[in-house]
């Protein structure tokens, strides 16, 4: 009788181990993702109509306003764009903020480069605490939208990666599920470190997370808090934008190293706290 019970429990353990680490997303989550995309695109279209209509919306001055449509590569480019947007913000605050908010979400949702520029402009256009909150919110909404959209096509992408080999795919899923169960209590910590240290591009984290069945909750919380350290430096750079050299690059290795040091320090504190009870 004891042997039979042992066999039953063993089979239950095997079945439990083969279960995926993350269940399918709920319908409301897909609805939320598509709603964020539709509202963001709609907001940009609305602001674009206002820009096109000089009498009813944002005035387009003669001359240098073509810089608005230029991708900034230096501090001088960011200064020119920031000064133009700052003039618009005085009379059209909500239109500027809506365009900024929607643009940031769409850049993150489709993994388009340019979020660093928008983060610096946030520090130039808005108060520092509000700018930091806006960046963290937009980054989280955009990354979560991309996560949900990829989850909807996850199986197709995995089949492409495995070249249609079910054996490789099953082996990969089994390995990932084991690792997720092993580090279940540390998933938030892992996402936070990946976001805070500028080692891996954000698009790789956004793409790989749904493919490995990383749960959405630690992904969202880790993203919201993880983008804050680097964003603080971007906001600070934007707040002193006028004092910087025009030919200076937007990317600064010193800032990246400082952010990495801060992130690693916070990570070590969290890791130590996990094992040392005060």
Worksheet entry | Distance in nm between pseudo-label sites at residue 50 and residue 86 (7 Å out along the Cβ direction from Cα) | 2.0
Item to complete: Treat each spin label as a single point 7 Å out from the Cα along the C-beta direction, and report the residue 159 to residue 190 distance in nm.
Response: 2.7
Practice prompt. Please list the equivalent ellipsoid semi-axes of the stretch 88-149, computed as the square roots of five times the alpha-carbon gyration tensor eigenvalues, in descending order and whole angstrom.
Written response: 21, 12, 10
Worksheet, complete the sentence: Note: residue 171 to residue 213 extended length (0.36 nm per residue) minus current alpha-carbon separation gives 13.7 nm
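Only the coordinates and a few stated rules stand behind these numbers; no lab work does. Please read all numbers here as calculations on a predicted model, not as lab measurements. Virtual Cβ from ideal backbone geometry, glycine too; neighbours counted across all protein chains shown.
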